[in-house]
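Scroll down for the structure; my scribbles are underneath it.
The values are calculated or read from the model by the stated rules, or taken from the named source; none is laboratory data. If you're wondering where the values come from, they're calculated on a predicted model, not measured in any experiment. Methodologically, a virtual Cβ is constructed for each residue, glycine included, from the backbone with ideal geometry; neighbour enumeration extends over all protein chains shown. SASA here: full protein model, heavy atoms, side chains in, ligands and nucleic acids out. Shrake-Rupley method; radii C 1.70, N 1.55, O 1.52, S 1.80 Å.
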Amino acid sequence: MAVNDRGTIKWTSIMMPEHIEMLQKMWKEQDHEEMPILDEQQKEEINNKLLMAVANDLTVELKYFDNHDFYKVKGKITSINKRNKYISIAGQHLPFENIIDVWIE
């Protein structure tokens with residue numbers, strides 16, 4: 001929490017639960033991240049790494065964006081669906097456009 005939140009926290013003990021919930025939601029929304037825009041070269045590099053990982057049965061770590069935040073998942077790619085544009089890894093189905101970076105181990 002930021003330094004300027006100190007005064008608000010001081011008064012939360014006398015606030016109604018609805019107001020506290022509203023403040024918490026507002027603080028959370030302030031921390032929302034923006035999806036980075038990848039250029040064609042970055043997209044091509046991600047695609048090449050994914051294809052190499054599938055062809056050689058390698059473990060990868062993916063960084064992806066979802067619900068205003070960044071996440072990482074690690075595992076072997078179980079399938080790539082080019083038609084519907086998603087990838088399956090560690091029991092998750094991630095759209096291609098959400099993948100930001102790929103590391104091969």
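Do we have any residue at all in region 40-53 that's assigned to a strand (DSSP E or B) and either surrounded by fewer than 16 Cβ atoms within 10 Å (Cβ to Cβ) or touching a residue at least 24 places away in the same chain (Cβ under 8 Å) (or both)?
No, there is no match, as no residue in region 40-53 is assigned to a strand (DSSP E or B) and either surrounded by fewer than 16 Cβ atoms within 10 Å (Cβ to Cβ) or touching a residue at least 24 places away in the same chain (Cβ under 8 Å) (or both).
Identify all residues within region 60-105 that are open to solvent by less than 40 Å² (accessible area, probe 1.4 Å) and not in a strand (DSSP E or B); write none if there are none.
Asn98
Go through region 65-105 and give me each residue that's of a type in the set (Val, Ile, Thr) and under 15 Å from Lys49 (Cβ atoms).
Passing the criteria: Val73, Ile77, Ile80, Ile87, Ile89, Ile99, Ile100, Val102, Ile104.
Here's the yes/no breakdown for (1) out of contact with any Lys or Arg (no Cβ under 6 Å at 6 or more places or on another chain); (2) basic (Lys, Arg); (3) modelled with pLDDT of 90 or more:
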| site | (1), (2), (3) |
| --- | --- |
| Lys28 | yes, yes, no |
| Ala53 | yes, no, yes |
| Glu61 | no, no, yes |
| Asp69 | yes, no, no |
